[in-house]
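Data first, discussion second: the structure below is written as structure tokens.
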Amino acid sequence: MIRTRFAPSPTGVLHLGSVRTALFSWLYARRHGGQFILRIEDTDRERSTPENVKAILDGMQWLGLDVDEGPFFQTQRFDRYREVIDQWLAEGKAYHCYCTKEELDELREAQMKAGEKVRYDGRWRDRKAPRKGVDPVVRFKNPLDGEVVVNDAVRGRVVFDNAQLDDLIIARSDGTPTYNFTVIIDDYDMRITHVVRGDDHLNNTPRQMNMLEALGAEPPTYAHLPMILGPDGAKLSKRHGAVDIREYERQGYLPEAMLNYLVRLGWSHGDQEIFSVDEMIELFDIDDVNHSASSFNPEKLTWINQQHIIATPAGKLGEMLVPYLEQAGLDPSAGPNPEHIAEGFHERADTLLHMASSARYCYEDFEVIDEKSAKKHLRPVVLGPLKAVRDRLTKLEHWGPVAINEAVQSVAEDFDINMGKLGQPMRVAVTGGPVSPPIDTTLWLVGRERTLARLARGIELVEARAASAS
């Protein structure tokens, strides 16, 4: 059975690059009926925090990247790591190194001065006697000759020369295990078959494969993903959008849209841009991942989010909208059903927070009408039509889009003007600005009482302007 894993370090929050790695691992497991494991690599005790663990778990939950096993925490597995280290020391596959920091600094400086590759020279590899006053590290005995061949699912065949690899530290002087060592023990114990990760880990792979061989284990299939770059071609950073994934949730992006956008960063299926989660699972394959780096495009993300908003049923979208109305300082019970807002605004909003903010006039009154819009549309010439449409709307027995549309249309015909000539002044009076859904939907959402009161105020404004002009 295929088993993939996502293994973030809680030294930071979950950001776009990490989410894409998790997504590709998750999709591959789901596509092949396998299992997806979550492992928290928290051996860096100084920088790992409970807050960052929560950020990772919250982000995964919001995105719907459910796990079959885990989360497992490396700090809870120290006994297992110690067991393997002791075993390797006994078998001669690892050794104690008593080099001091000063000695290693001198070695590094001499190698740099000679133009050589900076690496440990193995001076304690075959020495047995301990050194007083020095707490040793433990190093893995890397093979001295031969090659390590990585048959990478994304990059193809990559060959490393063992002579260029030094003896890696697998336990620090305080006894804590190191990243490259704990990773291979975890992957072995958790029966991971496919490791999907960023290509910044590629140089670690030959050392990890050598250690897996020392365990007597077959290495998993590796797939190293190209980097995600910012729009300017630089490494993706906070200024580009590499922020806590929960920030996108706060801004009102849909989780399905985030996954859709990220799956397209390095993978494609023909010219298709919009994918449901089920389609991603059905179509995704690691072998189809592009070899070159991808560029983060915030405008494209927003466009994809808007397409998902348009495609989401109003009932579901309305439920999702409620916390964003509250985030915008609005009371969802003080206006129309959020489902109706979703139905009316879904083609005009690119995020749920944008939708909530745009619908503010449906839930609370405004004090000032946009001056530029009022000057352009609330002119004396529309005074008669505005009064007539207010009177017609006052007499409506049923307040709904169809009845409202018929009333506005009949007044426009009575005054021999098109709907736009009447609808836009009404829109400005009722919403305070020039943009809203179709006028019949807008008035239905604003409600009878608010609509009539705001039309009355608009009429007073037009009358005052007419009086000042005469």
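Quick note: the coordinates plus some simple rules give every number you see, no bench work behind them. Everything numeric in this text was worked out from a predicted model, so none of it was measured. FYI the Cβ positions are ideal-geometry reconstructions off the backbone, even for glycines, and counts take in every protein chain you see.
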Given the candidates ALA90, TYR248, GLN76, the one whose Cα lies deepest towards the positive end of the charge dipole of the chain, counting +1 at each Lys or Arg C-beta and -1 at each Asp or Glu C-beta, is TYR248
Please state the charge dipole magnitude for the stretch 261-390, taken about the Cα centre, from unit charges on C-beta atoms (+1 on K and R, -1 on D and E), reported in debye and rounded to the nearest 20.
1120
The stretch 60-110 to the stretch 1-28: how many Å between their Cα centroids?
20
Considering the Cα positions of the stretch 314-364, please state its Rg to one decimal place and its Dmax as a whole number of Å.
9.1, 24
I'd like the per residue volume of the convex hull spanned by the Cα atoms of the stretch 42-124, given in cubic angstrom.
186
Overall Cα dimensions of the chain - principal axes, largest extent first, Å:
106, 45, 38
Return, for the Cα atoms of the stretch 296-337, the radius of gyration and Dmax in Å, separated by a comma.
12.8, 39
Enter the angle in degrees (range 0 to 90, nearest 10) between the Cα long axis of helix 383-394 and the first principal axis of the Cα atoms of the chain, meaning the one along which they spread out most.
80
5 Å binning of all Cα-Cα separations within the stretch 337-407, expressed as whole percents from 0 upward
3, 12, 15, 15, 24, 21, 9, 2
For the stretch 182-225 and the stretch 158-174, distance of Cα centres in Å
14
With eigenvalues of the C-alpha gyration tensor scaled by 5 and rooted, the stretch 258-385, Å
39, 18, 13
Taking the Cα centre of the stretch 368-469 as origin, work out the dipole magnitude from +1 charges on Lys and Arg Cβ and -1 charges on Asp and Glu Cβ, in debye rounded to 20.
360
Enumerate by residue number the GluC sites (Glu not before Pro) in the stretch 367-409 meeting two conditions: DSSP loop (anything except H, G, I, E, B), and at most 12 other Cβ atoms within 10 Å of the site's Cβ.
GLU367, GLU397
Calculated from DSSP helices alone, with each H run of at least 4 adding -39500 (n - 2.57) and the total divided by the residues of the chain, [θ]222 nm to the nearest 500 comes to -14500 deg cm²/dmol
If you wrap a convex hull around the C-alpha atoms of the stretch 122-254 and split its volume per residue, what is the figure in Å³?
193
Karplus-derived 3J(HN,Hα), 6.51/-1.76/1.60, for each residue of the stretch 67-75, Hz, glycine and proline x:
10, 8, 9, x, x, 9, 10, 5, 5
For SER295, enumerate residues with amide H under 5 Å from its amide H, sequence gap 5+ or separate chain, H modeled in the peptide plane.
LEU229
Per residue, what volume in Å³ does the Cα convex hull of the stretch 368-469 take up?
86
From the residues ASN210, PHE160, GLN111, which one has its Cα farthest along the dipole of the chain in the positive direction, the dipole being from +1 and -1 charges on Cβ of Lys/Arg and Asp/Glu about the Cα centre?
GLN111
Counting Lys and Arg as +1 and Asp and Glu as -1, each charge on the Cβ, what is the dipole of the chain about the Cα centre in debye, to the nearest 20?
920
Projected onto the charge dipole of the stretch 368-469 (unit charges on the beta-carbon of Lys, Arg, Asp and Glu, signs +1, +1, -1, -1), the Cα from VAL368, LEU386, SER436 with the largest positive-side position is that of VAL368
Kindly provide log₁₀ I(q)/I(0) values, in the same order as q = 0.18 Å⁻¹, from the Debye equation applied to equal alpha-carbon scatterers of the stretch 5-150.
-1.08
Evaluate the stretch 234-320: find the radius of gyration of its Cα atoms, find its Kirkwood radius, and give the ratio Rg to Rh.
0.97
Unit Cα scatterers, Debye sum, the stretch 83-169: log10 I(q)/I(0) for q = 0.16 Å⁻¹:
-0.78
Taking a threshold of 21 Å on the Cα-Cα distance, which of the pairs LYS101/LYS235; LYS117/LYS235; LYS101/LYS132; LYS372/LYS421; LYS93/LYS117; LYS238/LYS316 fall above it?
LYS101/LYS235; LYS117/LYS235; LYS93/LYS117; LYS238/LYS316
Using the Cβ atoms and a cut-off under 13 Å, what net charge is assigned to the surroundings of PRO313, where Lys and Arg are +1 and Asp and Glu are -1?
-3
Nonlocal amide H pairs with ILE40, under 5 Å, H built at 1.01 Å:
PHE72, PHE73, GLN74
Show me, for the stretch 250-261, the HN-Hα J-couplings you get by feeding each phi into the Karplus relation (A = 6.51, B = -1.76, C = 1.60, θ = phi - 60°), rounded to Hz, glycine and proline as x.
5, 7, x, 7, 7, x, 5, 5, 4, 5, 4, 5
